[in-house]
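The values are calculated or read from the model by the stated rules, or taken from the named source; none is laboratory data. Quick caveat: nothing in here was measured; it's all calculated off a predicted structure. Here the Cβ positions follow ideal geometry from the backbone for every residue, glycine too, while neighbour counts run over all protein chains shown.
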Amino acid sequence: MDKLIVEGGHKLRGTLNISGSKNASLPILAAALLTDEPVRISRVPDVSDTNYMLQILSQLGASVERSSGTVRIESPDGISSSASYDQVRKMRASICLLGPMMARMHRCTLPLPGGCVIGDRPVDLHVRAIQALGARVRVKGGNLLIDAPNGLIGTTVDMRGDSGPTVLGTDNLMMAAVLAKGTTVIESAAREPEVVDLADFLNKMGARIEGAGSRTITVHGVDKLHGCEHTVIPDRIEAGTFMVAAAMCSEEGLTLNRICRKHLKAIADLLVECGHSVEFNEEGDSVVVKPGAHPRSGKILTNPYPGYPTDMQAQMTALFAITPGISVVRDTIFPQRFMHCSELKRMGANIKVDNGTAIITGVEGLSAAPVMASDLRASAALVLAALAAEGTTEIHRLYHIDRGYEMLDEKLLSLGARVRRVLDTEAPDFES
Ligand code: UD1
């Protein structure tokens with residue numbers, strides 16, 4: 001296990017290239033199972049979640065080659081329809097194998113993903129969707145046993161749950177429907193850019209998907225898909241995290257390249273509302289973010305895209321912690337996602353969490369403390385806080401951040417931060 005040692009107070013400056021999107025890569029890698037021809041996917045970030053996905057694919061029998069951010073996958077006939085608990089337990093997003101496995105083999109055995117620190121994480125909507133296409137679903141020994149002896153048959157499915165649309169659920173249904181008989185209409189579909197990227201990838205493979213990015217997606221089933229090449233969209237959450245870093249920890253600002261302006265609107269709007277400067281270039285693929293002279297508090301209500309993303313509330317909470325005034329963060333998608341607040345409080349933040357809402361009273365500065373990362377985005381918030389804090393912070397359980405941020409320490413070093421990754425031989429016993 002590694003920990004990150006962050007010497008706070010050094011101003012960041014310079015330019016950074018943003019990596020390909022982790023959340024777009026995961027379902028796209030899984031979708032490679034839909035054809036026996038090779039697919040080539042570029043800008044797949046080298047993070048542990050994509051590594052887990054590639055390990056699972058190769059254990060199922062696919063051949064996987066990876067070099068310089070490009071992955072080549074070939075899934076010959078005869079690949080396994082069964083993934084083991086050991087393979088999938090490390091990553092909840094492995095549920096997105098359900099759609100491609102059902103489309104290709106009409107059966108699959110997938111361990112039920114457990115809950116995680118950000119909440120219960122149910123999969124009822126994934127199950128409902130595959131049942132609607134004619135599959136039978138049983139739960140045995142902690143596994144989902146699914147089969148569709150007569151194949152999958154297109155129909156209309158409403159994917160809306162109590163907390164709004166589901167991203168990976170929409171992905172799964174789209175992937176299951178591409179080889180189904182007839183037409184599937186997905187109502188209340190998730191509109192996230194990662195869903196659109198998956199649809200683009202599937203269409204390049206020969207699928208017939210219309211409407212991705214809107215509330216209704218129509219999938220006309222085809223007999224076969226073929227190989228293709230695809231470049232994954234930029235990671236809007238990594239970009240957003242560095243935009244917040246620029247507002248918190250730089251003087252002259254940071255330039256971020258390989259971004260997509262449209263995907264960053266909610267984050268950019270909030271930073272501007274809070275008094276910071278966000279300037280995109282004309283092409284919308286580069287942005288300069290500078291801290292404002294008179295930063296203001298703000299309000300976040302997380303919402304499905306194009307609303308403010310739940311994956312960016314923890315990082316903004318770190319910024320609010322040192323912004324004058326009272327800020328409010330309400331997460332309607334994962335109301336329990338506030339573990340980072342207790343750690344930020346150990347660094348001197350003034351935060352009250354109640355019933356899915358954090359109320360943050362800005363303090364003048366944070367001070368270093370040993371802190372523990374609890375989930376991916378919470379750990380990003382702790383890194384941001386540590387960069388701005390006085391003193392040297394140790395962030396334990398760094399593996400959380402390695403799930404989704406490619407070469408974070410290298411990137412921070414290139415911007416002038418003083419960070420060091422070391423083996424955590426004396427991890428404090430936080431859990432007792
Ligand atoms: C994806 C993202 C994750 C992000 C989340 C919400 C990936 C790999 N992960 O996760 O980073 O935080 O979208 O933007 O892309 N729900 C149900 N039943 C289900 C499925 C979901 O009730 O069967 C609920 C969830 O508990 C949550 C809401 O729906 O309250 C949205 O979750 P969902 O969009 O499914 O999240 P993921 O796709 O798992």
Complete set of residues in region 21-68 that are among the small types (Gly, Ala, Ser) and away from the ligand (no atom under 14 Å from the Cβ): 32, 42, 58, 61, 62, 63, 67, 68
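If we only count helices (runs of 4 or more DSSP H) wholly inside region 243-350, which ones have 3 or more residues that are touching a residue at least 60 places away in the same chain (Cβ under 8 Å) and crowded, with 22+ Cβ neighbours inside 10 Å?
Result: 313-321.
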Kindly evaluate residue 322 against the criterion of being touching a strand residue (DSSP E or B) at 6+ places or on another chain (Cβ under 9 Å) and not hydroxyl-bearing (Ser, Thr, Tyr). no
Number of positions in region 332-381 that are within 15 Å of the ligand (Cβ to nearest atom) and among the charged types (D, E, K, R): 3
Scan region 288-321 for residues that are within 16 Å of the ligand (Cβ to nearest atom) and of a type in the set (Gly, Ala, Ser) and report the count. 2
Filtering region 35-48 down to residues that are at pLDDT 95 or above and not in a strand (DSSP E or B) yields 35, 36, 37, 38, 43, 44, 45, 46, 47
Looking at (1) in contact (Cβ under 8 Å) with a residue 40 or more places away in the chain; (2) in a loop (DSSP other than H, G, I, E, B), which one does residue 78 not meet, given that it meets all the others? (1)
Go over the candidates 269, 285 one by one and state the one that is more than 16 Å from the ligand (Cβ to nearest atom), within 30 Å of residue 38 (Cβ to Cβ) and out of contact with any Leu (no Cβ under 6 Å at 6 or more places or on another chain). 285
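Go over the candidates 144, 98 one by one and state the one that is within 16 Å of the ligand (Cβ to nearest atom), closer than 20 Å to residue 27 by Cα and outside any strand (DSSP E or B).
The conditions single out 98.
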Lone qualifier among 123, 137, 127 - being modelled with pLDDT of 95 or more, within 12 Å of the ligand (Cβ to nearest atom) and aliphatic (A, V, I, L, M): 127
Identify all residues within region 187-201 that are farther than 18 Å from residue 259 by Cβ and either in a loop (DSSP other than H, G, I, E, B) or touching a Gly at 6+ places or on another chain (Cβ under 6 Å) (or both); write none if there are none. 188, 189, 190, 191
Give the residues of region 390-408 that are buried (at least 24 other Cβ atoms within 10 Å of the Cβ) and in contact with a Gly (Cβ under 9 Å, 6 or more places away or on another chain), sorted by residue number. 393
